[in-house]
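The structure under discussion appears below in the form of structure tokens.
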Amino acid sequence: MLTYHIITIGCQMNYADSERLASRLEQNGYKKTADKYGADFLVVNTCGVRQSAENRIYGLIPKIKKENLRSKIILTGCLAERKDVKRRLKDYVDIWLPIGKIQSVFRSINEAENEKIKYNYLEIKPNYESKFSAFLPIGNGCDNFCSYCVVPYARGRETYRSAKAILAEANDLVKKGYKEIILIAQNVNSYKSGKTDFADLLKAINSIKGDFWIRFLTSHPKDMSKKLIKTMADSDKVCKQIYLPVQAGDDKILKAMNRKYTVKHYEQLIKTIRQAMPEISVTTDLIVGFPGETKKQFNNSLNLFKQVKFDMAYISEYSARPGTAAFKLPDDVSRQEKKNRKSRLDKILRQTALINNKKYLGKTVRVLAENQSKAGEWFGKTATGKDIRFLAGQLDLKAGDFVNVKVAGVREFCLAGVLN
Ligand code: SAM
Ligand code: SF4
């Protein structure tokens with residue numbers, strides 16, 4: 001029997017795509033193997049958001065081809081249609097597979113490149129990696145064209161699945177005993193299907209009977225409506241955690257990034273969200289060293305971090321991406337300065353995250369148990385998305401169980417506690 005191995009680089013969307021790809025390969029009779037050097041088909045699901053993610057494949061793919069000449073290499077994801085990447089890896093990659101065409105793998109893997117798209121690949125029933133937590137993609141692509149971002153070119157325009165299809169997948173997951181459904185798209189909150197918007201969709205999933213949590217990511221500040229905030233607050237299964245990338249704390253930079261909101265708008269949003277859900281935890285993304293970012297403009301990002309007091313932030317050093325509008329601008333903030341700016345933001349993040357976590361001390365929180373270390377310690381997540389470690393004592397616990405844990409200690413990005 002022929003075997004396959006999938007290597008996924010990048011975001012949750014890529015992981016969800018790989019689960020669909022795995023299901024197609026299995027329906028085609030291929031068997032999963034953990035041995036990437038021995039697989040008959042090696043699929044590399046690539047990411048082109050930053051140069052560092054792209055660079056990983058330039059080492060990996062030639063190495064695998066040299067180790068196993070027999071293996072067919074399939075390249076999918078962000079980089080599958082980039083001409084310069086195709087030129088660079090032409091001697092190693094056997095099949096270039098744009099993500100929207102993965103359903104054609106069902107027919108014949110060798111014809112994949114020539115197949116016409118028959119239906120949205122997100123409708124493929126996935127092989128979920130986890131038995132209790134599932135990514136549920138509600139759409140693909142992006143129409144926003146932020147000036148630094150490759151996603152609209154790599155994934156194409158926004159398309160959304162019907163509410164009916166999403167609800168059917170959610171119902172199926174709950175029936176199978178899943179405890180966490182994570183709705184994903186580039187901008188979940190611009191979801192639209194007929195008259196159903198994202199708030200309506202959340203409400204409908206929330207009304208499915210069962211004991212489970214709903215999370216979603218990511219939300220765009222320009223599309224974060226009052227209706228959505230109210231729906232979040234009113235829906236008991238919707239976790240009180242929001243992932244709201246800000247990208248910069250300066251209005252001029254936000255404009256150059258084509259983000260279509262101001263710092264004031266963002267701060268007001270956070271205020272409204274916290275008023276509606278005081279326990280909410282807030283995660284953001286921010287880019288340092290965007291072309292032309294002055295020290296003063298960066299200081300505005302520092303001030304925003306001090307002001308908002310994020311629980312988590314993914315801070316990236318600007319990486320010039322071919323084909324984007326910002327690629328034409330001089331990448332004029334030095335690497336050292338980008339590193340320096342990132343570490344100054346990291347420092348504030350650590351302080352605010354710790355202050356926020358101290359509020360948990362002595363409180364009992366509901367936790368989804370995720371895995372156990374060899375030494376017996378359990379790891380899980382709170383509804384607010386905080387990592388938490390705890391001991392289960394004599395309790396016969398399994399991954400995917402909900403438990404109550406009393407918080408006895410906190411660090412910047414982790415809580416610790418005992419079962420209650
Ligand atoms: N749709 C989301 C949003 O609007 O914020 C983000 C999706 S993007 C794939 C994930 C993150 O990668 C972004 O939030 C941004 O911080 C980072 N990113 C994207 N392009 C980048 C670039 N050229 N350089 C550095 N970071 C980048
Ligand atoms: Fe990229 Fe902007 Fe779309 Fe997010 S909203 S995926 S950053 S273009």
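The values are calculated or read from the model by the stated rules, or taken from the named source; none is laboratory data. For clarity, every value in this text was computed on a predicted model and none was experimentally measured. Using ideal geometry, Cβ is built from the backbone for each residue, glycine included, and neighbour counts are taken over all protein chains shown. Side chains are part of the model used for accessible areas, which takes the heavy atoms of the whole protein and leaves out ligands, DNA and RNA. Shrake-Rupley method; radii C 1.70, N 1.55, O 1.52, S 1.80 Å.
Quick check on segment 216-369: take the gyration tensor over C-alpha atoms, sort the square-rooted eigenvalues as a ≥ b ≥ c, and tell me if it's rounded (a/c under 1.5), prolate or oblate. Note, shape of segment 216-369 comes out prolate. Summarising the amide proton neighbourhood of GLU370: residues at separation of 5 or more, or on other chains, whose placed amide H is nearer than 5 Å comprise PHE379, GLY380, LYS381, GLY400. The label point for LYS363 and the one for ASP346, both projected 7 Å from the Cα toward the Cβ, are 2.8 nm apart.
Counting only DSSP beta bridges with both residues in the chain, what percent are antiparallel, rounded to the nearest 5? Working shown, then result.
Details: 23 of 64 bridges.
Here the share of antiparallel DSSP bridges comes out near 35 percent.
Computed extension gain for ALA325 through LYS83, at 0.36 nm per residue and net of the alpha carbon distance, reaches 85.3 nm. In this view, the solvent-accessible surface of LYS32, computed with a 1.4 Å probe and all protein chains in place, comes to about 120 Å². Taking only the C-alpha atoms of segment 364-419, Rg followed by Dmax gives 9.9, 29 Å.
How much net charge surrounds VAL405 when only other residues with a Cβ under 14 Å from its Cβ are counted (Lys, Arg +1; Asp, Glu -1)?
Working: positive: LYS363, ARG366, LYS381, LYS386, ARG389, LYS406; negative: GLU370, GLU377, ASP387, ASP401.
For residues surrounding VAL405, the net value is +2.
Segment 383-409 and segment 330-360 have Cα centres lying 29 Å from one another.
For a test of the definition: using alpha carbon positions, the gyration tensor, and the 1.5 limit on a/c, classify segment 3-120 as rounded, prolate or oblate. Mind showing how you got there, number by number?
Numbers: a/c = 1.40, a/b = 1.13, b/c = 1.23.
Here segment 3-120 falls in the rounded category.
My understanding is that a pair violates if its Cα-Cα distance is over 26 Å; which of LYS83/LYS260; LYS164/LYS226; LYS36/LYS176; LYS240/LYS309 do that in this structure?
LYS83/LYS260; LYS36/LYS176
Per-residue surface analysis assigns CYS47 an accessible area of about 20 Å², computed on protein heavy atoms at 1.4 Å probe radius. In units of the compact-protein estimate 2.2 N^0.38 Å, the chain shows a Cα radius of gyration of 1.01. Backbone geometry of segment 140-156 corresponds, through the Karplus equation with coefficients 6.51, -1.76 and 1.60 at θ = phi - 60°, to 3J(HN,Hα) couplings of 9, x, 7, 9, 7, 6, 4, 5, 8, 9, 8, 4, x, 7, 6, 10, x Hz, x marking Gly and Pro.
Straight-distance candidates among the aspartates and glutamates for linking to LYS338, with alpha-carbon spacing under 14 Å and chain neighbours fewer than 8 residues away dropped: GLU293, GLU317, ASP346. When ASP200, ASP17 are compared by accessible surface with a 1.4 Å probe, the order from highest to lowest is ASP200, ASP17.
Isolated cysteines in the chain, defined as those with no second cysteine Cβ under 4.7 Å, comprise CYS11, CYS47, CYS78, CYS142, CYS239, CYS414. For LYS31, go through the aspartates and glutamates and keep the ones whose alpha-carbon is under 12 Å away, minus same-chain ones fewer than eight residues off. Partners found: ASP40. Site pair ALA416 and ASP234 shows an inter-label distance of 4.2 nm when each label is modelled 7 Å from Cα along Cα→Cβ. At full extension, GLU337 and LYS192 could sit 48.1 nm farther apart than now, given 0.36 nm per residue minus the alpha carbon distance. The label point for ASP172 and the one for PHE379, both projected 7 Å from the Cα toward the Cβ, are 3.0 nm apart.
Rolling a 1.4 Å probe over the protein chains gives ASP234 an accessible area of about 100 Å². Couplings 3J(HN,Hα) for segment 208-223, derived from phi with the Karplus relation 6.51 cos²θ - 1.76 cosθ + 1.60 (θ = phi - 60°), are 5, 5, x, 9, 8, 10, 10, 10, 8, 7, 9, 10, 9, x, 6, 10 Hz, where x marks Gly and Pro. When only Cα pairs below 8 angstrom with a gap of at least 6 residues are kept, segment 200-330 shows a relative contact order of 24 percent. May I ask you to derive the relative contact order of the chain, considering only C-alpha pairs under 8 Å and at least 6 residues apart, and to give it as an integer percent? The normalised contact order for the chain reaches 10 percent.
A 18 angstrom limit on the alpha carbon distance is what I want to check against. Which of LYS195/LYS222; LYS359/LYS398; LYS264/LYS306 exceed it?
LYS195/LYS222; LYS359/LYS398
Scalar couplings 3J(HN,Hα) for segment 302-314, obtained by applying the Karplus form with A = 6.51, B = -1.76, C = 1.60 to θ = phi - 60°, are 4, 5, 4, 4, 5, 5, 7, 6, 5, 8, 8, 8, 9 Hz; x denotes Gly and Pro. By the rule of a C-alpha distance below 13 Å, with chain neighbours fewer than 8 residues away ignored, the aspartates and glutamates paired with LYS125 are ASP17, GLU19, GLU26, GLU169, ASP172. For segment 8-71, the relative contact order works out to 38 percent when only alpha carbon pairs closer than 8 Å and six or more residues apart are counted.
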